[in-house]
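Structure first, then comments.
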Amino acid sequence: MTNGAMGQARSPDFEQALVNHAVGVEEMAAIRAFARVVAAADIASEFALCLARIAQGSVMSGSEQAQAHFCRVLVDCARWAEPQPWFDRLHASWAECLDGGAAPGFSLDACAALVKAAARCLAGDRAAVPRLEMDILFAIDAFAWCAASLLARELPSRPADGASSGDVDAATGLPDRHAIGRLLGQWLPGAGEGQRVGLVVLSMEWGVAVRNLPASERDRLCVALSQRLAEELRAGDVLCASGDQEWSLLLPALRSPAQLRLAANKLIMACDMLLEDEVGERCGRLRAGGAVGPAHGHDAASLEVAARTALLVARRRSLDFEEYCDEFAEVVDETVDFERELLSALHLQELQLYLQPQVRLCDGRCVAVELLLRWQRHSGEWVAPPRIIDGAQRLGVLPRLSNWLIMHGAKVAAALVHAGVDVKVNVNLTASDVMDDELPVMVAQALDTWRVAPGRFGLEITESALVPDEQRAAKLISYLRQLGCPVALDDFGTGFSSLAYLRNLPVTELKIDQMFVRGLGQSRADQAIVEAVMRLADGFGLQVVAEGVEDARAREMLAEMGCDLVQGHLEAQAMPLGEFIGWWRAREAGRSSVPA
């Protein structure tokens, strides 16, 4: 749609949009009261001063007359009492501005100047503002930003003409990250105990299924979420698109810090409802971090750092929302140090692989090992493998880590062969590995480099890693099997499609998750699950490994059920390569000394 066509087309339903922005009967009454008590010349004069400060460089040469007319319509507060006719004129005037080459962000600048001018007309330089005047200002703020959001939404449907996108996000029509700094810069200088400024940063964390969608489909979901979140705003609040799958909620007049949490939870609940009603099986989670100025930041930059710090803590603690406190600064420092050390550990080859024995129940021989990732930081702290994987994914070095795991796994297998230790080595794959078409090539190169027979090099894949694209996973597993590598389905029973996986995937082994094994001696339900898995595996001709075996009773029951291998602390804990070789030799020597 061209700019001229926009001017001819029927303008959006402004009255319905006002309802969505919480501008109801009381707010419109406040707006009419403002129009009666403030002289038109006064609001126009204040508006001109505010616009000159805010819109530096956004008045384009050749569109001055059209922009001046747009501003006159915008500040004509006497016409606000009839919102739809007023907006129809504003909409047509905005089309003329765009036809004249005006920057798309000028409408946001003008609306911001209008709110600032209204505040100056109402409050002047007073430190304290009466409640009635504050309510009027809230109503005008919501009224102006509602108009700005509707004008901005026209932009994505028009062809690009080389003009700057200003302070509008092209995909969602929301104010963008540049608007955040400008608005906070306007509000924070006047903030205090009686009028706090809130900032909530919201980040959408999609599951693998969504992350692997085409960009156009992800954009569609982002727009749907933006619209749903915008519907939940209270009068005066502003929602901005601050990044990829990220939004920032600006709350200009908080009477209590508790309102920050209420606002964040309201948006999170709205997101959950959208995902449940419209997105269906595509899982995702909206997390948020918030901060309040001036307590947590006197300027836009420091307040945003505080809110993002709270978001980081919310992620670390698996919470939906967290509000900033001073202790959180230490969390950021620790995270920075962690990521710096992890990169250094990858570069300096400081990561280690420990070997967890898998013992055959029929004769007690250790015939396989699972390689477990280990890393000890400079402080002496041992880092759990999931945290290492998560950190590598955040830093964008997960492919490099996966390559290291496979290459060093083959190196361990070669060392065991050289030492005369007859065991198979199993390496865990991540969800990203399963989506990597180059994985079979990487495995083949590692085996060739270290002269390892494929049968001695197994790969373990969790059910959750298969969910995004089962057909693609099946193809990859087939390639690995063609190489001659055994493939185990790890954490079996914890997913939702186990039977389908057994039917469609060419795996050779099932690993029963430890959650069903640790309570085996006390739980009839766990016993029934394990027995069912045994029957399934027998029907498909698969070997079964039970994880987390920690007591003799569980071991006995597994042997009676027909389990092939067990691993867990009852047999041995994971250990470094040299220690494992000594343990294996001692175990074999002990077996050979026992009379037949």
Does residue 264 satisfy the criteria of being more than 26 Å from residue 111 (Cβ to Cβ), hydrophobic (A, V, I, L, M, F, W, C), assigned to a helix (DSSP H, G or I) and modelled with pLDDT of 90 or more? no
Is there a residue being out of contact with any helix residue (DSSP H, G or I) (no Cβ under 9 Å at 6 or more places or on another chain), surrounded by 13 or more Cβ atoms within 10 Å (Cβ to Cβ) and closer than 19 Å to residue 398 by Cα anywhere in the range 331-339? yes
Please work out which residue is nearest to residue 119 (Cα to Cα), limiting yourself to the range 187-226 and to residues that are modelled with pLDDT of 85 or more and not in a strand (DSSP E or B). 187
The range 329-371, residues that are touching a Cys at 6+ places or on another chain (Cβ under 8 Å) and either assigned to a strand (DSSP E or B) or outside the structural domain of residue 411 (by TED's automatic domain parsing) (or both): 357, 358, 359, 360
Among the residues of the range 361-400, write down those that are among the acidic types (Asp, Glu) and over 22 Å from residue 490 (Cα atoms). 363, 381
Per the filter on the range 307-326, residues more than 9 Å from residue 288 (Cα to Cα) and either touching a helix residue (DSSP H, G or I) at 6+ places or on another chain (Cβ under 6 Å) or among the hydroxyl-bearing types (Ser, Thr, Tyr) (or both) are 309, 313, 318, 324
Under 6 Å between Cβ atoms, which residue pairs at least 6 apart in sequence (or on different chains) link something in the range 471-484 that is more than 22 Å from residue 451 (Cα to Cα) with a partner that is of a type in the set (Phe, Trp, Tyr) and part of a helix (DSSP H, G or I)? none
The residue that is modelled with the lowest pLDDT, considering only those in the range 243-261 that are surrounded by fewer than 23 Cβ atoms within 10 Å (Cβ to Cβ) and within 20 Å of residue 218 (Cα to Cα), is 244
With the requirement that a residue be surrounded by fewer than 18 Cβ atoms within 10 Å (Cβ to Cβ), of a type in the set (A, V, I, L, M) and either outside any helix (DSSP H, G or I) or touching an Asp or Glu at 6+ places or on another chain (Cβ under 9 Å) (or both), what does the range 443-475 give you? 453
Out of the residues in the range 285-313 meeting the condition of being among the small types (Gly, Ala, Ser) and in a loop (DSSP other than H, G, I, E, B), tell me which one is farthest from residue 245 (Cα to Cα). 295
Would you please list the contacts, defined by Cβ atoms under 8 Å and residues six or more apart or on different chains, that run from a residue in the range 521-533 that is in the same structural domain as residue 564 (by TED's automatic domain parsing) to a residue that is among the basic types (Lys, Arg)? 521/553
Within the range 529-551, which residues are more than 14 Å from residue 489 (Cβ to Cβ), small (Gly, Ala, Ser) and either assigned to a loop (DSSP other than H, G, I, E, B) or at pLDDT 90 or above (or both)? 548
Residues (modelled with pLDDT of 75 or more and either aliphatic (A, V, I, L, M) or in contact with a strand residue (DSSP E or B) (Cβ under 9 Å, 6 or more places away or on another chain) (or both)) located in the range 87-108: 90, 92, 95, 98, 107, 108
Could you give every pair whose Cβ atoms fall below 8 Å, whose first residue belongs to the range 420-436 and is under 12 Å from residue 476 (Cβ atoms), and whose second residue is of a type in the set (D, E, K, R), counting only separations of at least 6 or pairs across chains? 429/460; 434/472; 435/469; 435/472
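The values are calculated or read from the model by the stated rules, or taken from the named source; none is laboratory data. Only a predicted model underlies this, so the values are computations on that prediction, with no experimental measurement involved. Note that we place each Cβ from the backbone using ideal geometry, even for glycine, and neighbour counts take in every protein chain shown.
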